[in-house]
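Coordinate-derived values only; no laboratory data. These numbers were taken from a predicted model, which means no experiment stands behind them. All Cβ positions, glycine included, derive from the backbone under ideal geometry; neighbour counts span all protein chains shown.
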């Protein structure tokens, strides 16, 4: 066990207990820690919780790492969306909200009882539109290749298996690899931390795999969607141990949310 | 040469090492107390042996390498298969039941998580040749006893029965894709995915209701859940599974662990070679199971005459983390740190003879081998948190560090003053 990790975990627990006054007997009276995603889904998540009649933090702008709900029943931690499944799998948070795309990409051992009615988007393969300007650097490559793989991206209906070895820029390497592997394509995955639509423009990649909401960003960058890998929306995730150990509180939350989802 | 170690392994030393070892011993002792005999299987074996269990995840995570004669070997990823091999291949004609317990390292090429490196410690027990619910109950009860012994109070045993689900699958006659879809939904406890499955799959009314009821077969109300499940039986296998589970729950009555039991008939993840009851132990503050076990009646038969079997393995590393999170730095969990006294023999053979006598009396004593003067010994003792320094002057003179950190001469050594040295807790020493 890595001692620094343990220390960090312990520190975290201490903070929870200070801010929530959690009971120490470890029984079901213990408060819940709820992980919410920063960014795109943050506001929707909070207003959804509110509509579900759950107490939410009064001051989300606070710099405190753990925010107590207005009635003190639940603690909230604002995490990077990618980290929500990780927090929940390890039990650092009992329950959380994040995108289904992130859940499938990270593939953590967690429960996902409910899909929530917001955060709709799709994970798509996109490539340069026919009329997209091709930078000079990429043109040099074209001269060497008789049948440049990207050509197939110009034809959205054409099977992707005709591509020999596409280079694909993405923040979702696992789902991307799986999608192409299932089609027998040995894709070269270039994992980026963001702004993947730059990939084809800079000649770094032939295609991208990224989340699309309205498609505006793609169009602005001369890209068109070729395939949809996954329809995504917000999802409630629960730690496997907490699901049993704190069944009463968690079921209460699920019940309230279910009323809004069906 | 650098001092790096490969990803997934770690050094444990001082308190951490001794408390791990203590916990391992304590857990083993729990099993020994119920008649489980020690077994030490090899660290590595033929890959084909260790792959005899059917857990794909476990199999894909095995460390494999070639022996010099070209045969494929694996580091053991768990103990159950080696012990089943021993019983099947060598002890099959010894009277049943046979009980074995073990403790040591196992190796899995998986992402390290909280309390689990790629090398980690397991302690467990296996009971062979006993098919009845009383045997399953014994293993469940031992798990609870071991958890309590490790200082964990708020744990739960989540008990399922793989036969209920497998028999339901038989009844539904699904194609592999539909089966995958149902399994996905249940593994994730996902209502939307289960709805998708029900929408996409044509089922008869009774079967549909059996699937729709699955999410309700989880919780503390053991009786209620079993009764509900009984109303949706589709075939003999489901009936027998529930009968068996009821038998086990009844047999638990004598063990006082009823309050810890949660039933979950939808827990079908990581069930590998289990054929009957399966369970996991969870504890607050740790998101993963600290122990898991169940019945595996098909495994021994792969190595010899078939034998029913049931067992459990506890993760020592995870128990350590769970205990730490439960108690913080509570004294109850503070392990005994050995604080050996430092003896300065001053070159006298009599001094060494006296040290030997003290050691035989059970005291932990380290001897100065550098010919230090008293000052140097005090400085070393202060930096390494030693409390007692013994200086030979035709008999040991006992110097002890006081609260302010100064060494005070207590006079000639009295053994009783040192007696606590082997059991003193760190907190007591540091105050």
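Structure summary
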read-out	value
Neighbouring partner chain Cβ atoms per residue of A:111-118, average, 10 Å criterion	4
Cα radius of gyration and Dmax for chain B (Å)	27.3, 94
Backbone N within the stretch B:305-319 under 16 Å of label point (7 Å from residue B:94 Cα along the Cβ vector)	B:305, B:307-310
Cα extents of the stretch B:341-430 along the three principal axes, largest first (Å)	35, 27, 21
Helix B:162-172 axis, angle to chain B major axis (alpha carbon atoms, nearest 10°)	20 degrees
Net lengthening on full extension, residue B:179/residue B:404 (0.36 nm per residue, minus Cα-Cα)	74.0 nm
Area projected by the alpha carbon convex hull of the stretch B:90-209, averaged over all directions, nm²	12.1 nm²
Theoretical FRET efficiency, 1/(1+(r/R0)^6), r = Cβ-Cβ of residue B:364 and residue B:110, R0 30 Å, to 0.05	0.20
For residues of B:185-193, the mean tally of beta carbons on other chains within 10 Å	6
Per-bin percent of Cα-Cα distances, the stretch B:181-336 [5 Å]	1, 7, 13, 17, 18, 16, 12, 8, 5, 2, 1, 0, 0
Residue A:47/residue A:251 FRET efficiency (R0 22 Å; Cβ-Cβ; nearest 0.05)	0.45
Within the protein assembly as shown, helix-based [θ] at 222 nm, where runs of 4 or more DSSP H residues each add -39,500 (n - 2.57), nearest 500	-11000 deg cm²/dmol
Per residue convex hull volume, Cα atoms of the protein assembly as shown, in Å³	234 Å³
Inter-chain Cβ neighbour average for residues A:89-95, partner chain, 10 Å	4
At R0 = 22 Å, FRET efficiency that the Cβ-Cβ distance of residue B:216 and residue B:236 yields, to 0.05	0.45
Computed label-point distance, nm, for sites residue B:14 and residue B:350 using a 7 Å Cα→Cβ extension	3.7 nm
